[in-house]
1. On the given criteria, is Val27 crowded, with 16+ Cβ neighbours inside 10 Å and in a loop (DSSP other than H, G, I, E, B)?
2. Restricting attention to region 44-68, and to residues there that are more than 16 Å from the chain's Cα centre (by Cα) and surrounded by 10 or more Cβ atoms within 10 Å (Cβ to Cβ), which single residue is nearest to Val25 (Cα to Cα)?
3. Which residue out of Val34, Val64 is in contact (Cβ under 8 Å) with a residue 24 or more places away in the chain and assigned to a helix (DSSP H, G or I)?
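Derivation of every value follows stated rules applied to the coordinates shown; laboratory data play no part. Quick caveat, the model's predicted, so the values are computed rather than measured. Neighbour counts run over all protein chains shown; Cβ positions are idealised from the backbone, glycine included.
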Amino acid sequence: MLTARDRVRQAEGVMAELHTALQAVGVTLPSLCVDPVSCASSVMAPLVELGRCNLDTAQRLAEVLADYAKAAAPGHGPEEGQP
């Protein structure tokens, strides 16, 4: 069983990976952080808080995800009416 400290380290590592991946595609989530309460719990899984962002950031994130969806699963993007 992981200790609270281990859970925080694990969550911080995942958060750092997400931050790096988002930066690589030009997206910065300014409120990205680890939720400390969830890391202290032995019942629930640690959570990464994506936080709030402005409309420009939300639009950029939507564009990046849509571009990825087109490349990863052609025919399944919003233009085709698929989820």
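1. yes
2. Among those residues, the one meeting the criterion is Asp67.
3. Result: Val64 is the single residue among Val34, Val64 that is in contact (Cβ under 8 Å) with a residue 24 or more places away in the chain and assigned to a helix (DSSP H, G or I).
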